[in-house]
Amino acid sequence: MTILPRPKDGRHRPIVRLGHPVLRQRAEEVPAHRFGTRFLRDLERDLLRTMFEDEGVGLAAPQIAVPLRVFAYFVPGEGGRDEVPPRVVVNPVLTLEGEPSVPGWEGCLSIPGLRGVVLRHPSLVMSGVDVDGEPLSLRAEGFHARVIQHEVDHLDGIVFLDRMRDLSSLAFEEEWDRYASGKDLPVEA
């Protein structure tokens with residue numbers, strides 16, 4: 001496993017873009033001996049810092065060229081939904097509920113400038129651990145569930161474009177802002 005070094009100047013890590021091989025491979029489980037280590041705490045900090053500096057709501061370790069099953073996310077409290085504070089999940093396991101029938105707009109920091117409609121499961125149960133190895137378990141619905149599904153897809157080498165059933169909604173963000181955001185299309189994400 002090759003991991004790019006952290007920038008020494010305190011900046012966030014660069015996000016790799018579609019075409020980098022790490023985005024198309026299944027990430028490795030984090031072994032128990034890594035929990036509570038400086039390595040994993042640094043990875044947690046880097047994921048959160050990079051996610052916020054690049055204005056994302058989620059970021060998987062493969063997106064910063066670290067092929068491990070770790071992701072960060074948060075859900076902003078807007079549009080009537082409750083805020084979910086930032087969290088980092090290690091070795092997540094999902095139990096998806098319902099059919100993938102809820103359409104919503106998605107974009108990706110590794111595919112900058114594009115967004116499209118993706119069908120996702122309406123809810124899920126997730127288990128995993130934090131960077132210290134403490135168990136995590138939660139149930140998520142709506143946008144919260146969408147963000148988790150998107151990030152766990154990254155851990156399996158899948159990007160949102162792979163989940164699009166119809167590419168006719170694929171749009172550059174500038175054009176989406178101009179033409180699609182006001183139409184009767186799903187705008188959950």
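Every number here is computed from the coordinates shown, using simple stated rules; none is lab data. All figures in this text were calculated on a predicted structure; none of them were measured in a lab. Using ideal geometry, Cβ is built from the backbone for each residue, glycine included, and neighbour counts are taken over all protein chains shown.
I need the per residue convex hull volume for region 48-151, using only the alpha carbons, in cubic angstrom as a whole number.
So the per-residue Cα hull volume is 105 Å³.
What list of ³J(HN,Hα) values in whole Hz, one per residue of region 171-178 in order, does the Karplus curve 6.51 cos²θ - 1.76 cosθ + 1.60 (θ = phi - 60°) give from phi, with Gly and Pro shown as x?
For region 171-178, the Karplus curve yields 8, 5, 4, 4, 6, 4, 4, 6 Hz.
Using modelled amide H (1.01 Å from N, peptide plane; none on Pro or chain starts), what sits under 5 Å from the amide H of residue 123, excluding residues fewer than 5 places away?
97
Taking the Cα atoms only, what angle lies between the long axis of helix 142-155 and the longest principal axis of the chain, rounded to 10 degrees?
So the inclination is approximately 50 degrees.
Return the single residue from 144, 33, 12 with maximal mean-square fluctuation; model: Gaussian network over the chain, springs between Cα atoms under 10 Å.
Evaluated over the chain, the most mobile residue of the options is 33.
Specify the residue with the greatest mean-square fluctuation among 113, 157, 56, computed from a Gaussian network of the chain linking alpha-carbon atoms under 10 Å apart.
With Cα springs under 10 Å in the chain, the top fluctuation among 113, 157, 56 is at 113.
Quick check on the exposure proxy: order 37, 95 from fewest to most C-beta atoms within 10 angstrom.
In order of increasing Cβ crowding within 10 Å: 95, 37.
For the chain, what size does the Cα cloud have along each of its three principal axes, sorted from largest down, in whole Å?
49, 33, 28 Å, listed from the longest principal axis down.
Over the chain, what is the mean sequence separation of C-alpha contacts under 8 Å (at least six apart), divided by residue count, expressed as relative contact order in percent?
Dividing the mean separation by the residue count of the chain yields 22 percent.
Top mean-square fluctuation among 119, 155, 59, Gaussian network model of the chain, C-alpha springs under 10 Å?
Ranking 119, 155, 59 by mean-square fluctuation puts 119 first.
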